[in-house]
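*Asks:* My structure is below; once you've seen it, I'll send some questions.
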Amino acid sequence: MQLPVEQFDALSHIPNCRHIFTRRIPGIDVAHDKTEALRRLEAAHLGIRRALGVADWPLITTEQIHGNKIAVVDRAIRSDKYVAACDGLITNQRGFALGIHVADCCAVYIVDPKTPAIGLVHSGKKGTELGVVTNAIAQMSSRFGSKPSDLIVQLSPCIRPPHYEIDFAAKIIEQCHAQGVDQIYDCGICTACHLDLYYSYRAEKGRTGRMLALLGLD
C-alpha cells in the first residue's frame, strides 16, 4: 500500500538527510480542533514513521505560536520533546527528527549538507512577516557556521492565492535570497486547491487535521 507521504527531490539526494511530508490520512475524522485532530492522527503518523524506519528516533515538536523564535538543539536527544513558544528548530545533532505540523502554513526545510546542520520552520502569514525563516538561517550561520550559499531550502505545500490574500511563499523565497541563499525549491502546490491530498485550515474553517513535516540527520 502506498503511504500518504511525499518527499522532495531537492532533499532526497542529500547524504545522511531524512525527510518526509505527510498528506491527508484517509478514513480519520479530523473535523475537530487542533489538539483533538492531532490526537486522532497520532497513531497514523507513528505508523508512517515506522514504515519509513524512523519510528525509534526521538521526535522534537514545537508549540507554533506564529512568531519568529527558533530553538537551538545542540545536544543529543534521547526521548520525544516538546518546545514551547517557538516556531522553528535547528540542530547539528544526529539520530532524532525535527517535526512541524501544518495545515496551510508552510513547512520550510533548511539543510546545510556540508556542516552538516538542518532546520525546520513553521512560517505562515504572521511568521513570514516577522522573518522566522530569516532568523533560522541567521542562527544556523552563527551557531553552526553554516554558509547561506551552501544551504538548500525546500518549501512544502501551503495555501496560496486565490485561496489566500497574500502569497507568503513568494515572500519566504525573497527572504532566503536576501540572506544569500541560492538553492531554493518550492513545490508550488496550494493546500486549499487539493483537499483530497492535504488539510486546509482556511478551506475547512479551522476544523481539520495537520500534515507532519519531518527532518533529521542519520
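*Asks:* Consider only pairs whose beta carbons are under 9 Å apart and that are at least six residues apart or on different chains; among these, list those whose first residue lies in segment 39-58 and is in contact (Cβ under 8 Å) with a residue 60 or more places away in the chain and whose second residue is assigned to a helix (DSSP H, G or I) and surrounded by 13 or more Cβ atoms within 10 Å (Cβ to Cβ).
*Replies:* His45/Leu38; Trp57/Arg49
*Asks:* Out of all the residues in segment 44-69, which are within 14 Å of Ala213 (Cα to Cα) and touching a Cys at 6+ places or on another chain (Cβ under 6 Å)?
*Replies:* Result: Thr62, single match.
*Asks:* Within segment 1-57, count every residue that is under 14 Å from Ala103 (Cβ atoms) and of a type in the set (A, V, I, L, M). Walk me through it before giving the result.
*Replies:* Just the residues of segment 1-57 that are under 14 Å from Ala103 (Cβ atoms), to begin with: 21-25, 28, 30-38, 40-41, 45.
Next, from what is left, pick out any that are of a type in the set (A, V, I, L, M): 25, 28, 30-31, 37-38, 41.
Looking only at that region, the number is 7.
Rundown of residues vs (1) over 21 Å from Ile152 (Cβ atoms); (2) out of contact with any Lys or Arg (no Cβ under 6 Å at 6 or more places or on another chain); (3) surrounded by 21 or more Cβ atoms within 10 Å (Cβ to Cβ), yes/no style:
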| residue | (1), (2), (3) |
| --- | --- |
| Ala51 | yes, yes, no |
| Ala55 | yes, no, no |
| Leu59 | yes, yes, yes |
| Ile65 | yes, yes, no |
| Lys69 | yes, yes, no |
| Cys105 | no, yes, yes |
| Val108 | no, yes, yes |
| Asp112 | no, yes, yes |
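*Asks:* Of the residues Leu120, Leu151, which single one is more than 15 Å from the chain's Cα centre (by Cα), crowded, with 23+ Cβ neighbours inside 10 Å and within 18 Å of Ala10 (Cβ to Cβ)?
*Replies:* After ruling out the rest, the residue left standing is Leu151.
*Asks:* Looking only at segment 17-40, which residues are within 21 Å of Cys158 (Cβ to Cβ) and of a type in the set (D, E, K, R)?
*Replies:* Within segment 17-40, Arg23, Arg24, Asp33, Lys34 meet the criteria.
*Asks:* Looking at Arg143, Arg160, which is the one that is at pLDDT 95 or above, closer than 24 Å to Ala203 by Cα and among the charged types (D, E, K, R)?
*Replies:* Arg160
The values are calculated or read from the model by the stated rules, or taken from the named source; none is laboratory data. Every value quoted in this text rests on a predicted model; they were computed, and no experiment measured them. We place every Cβ from the backbone using ideal geometry, glycine too, and count neighbours over all the protein chains shown.
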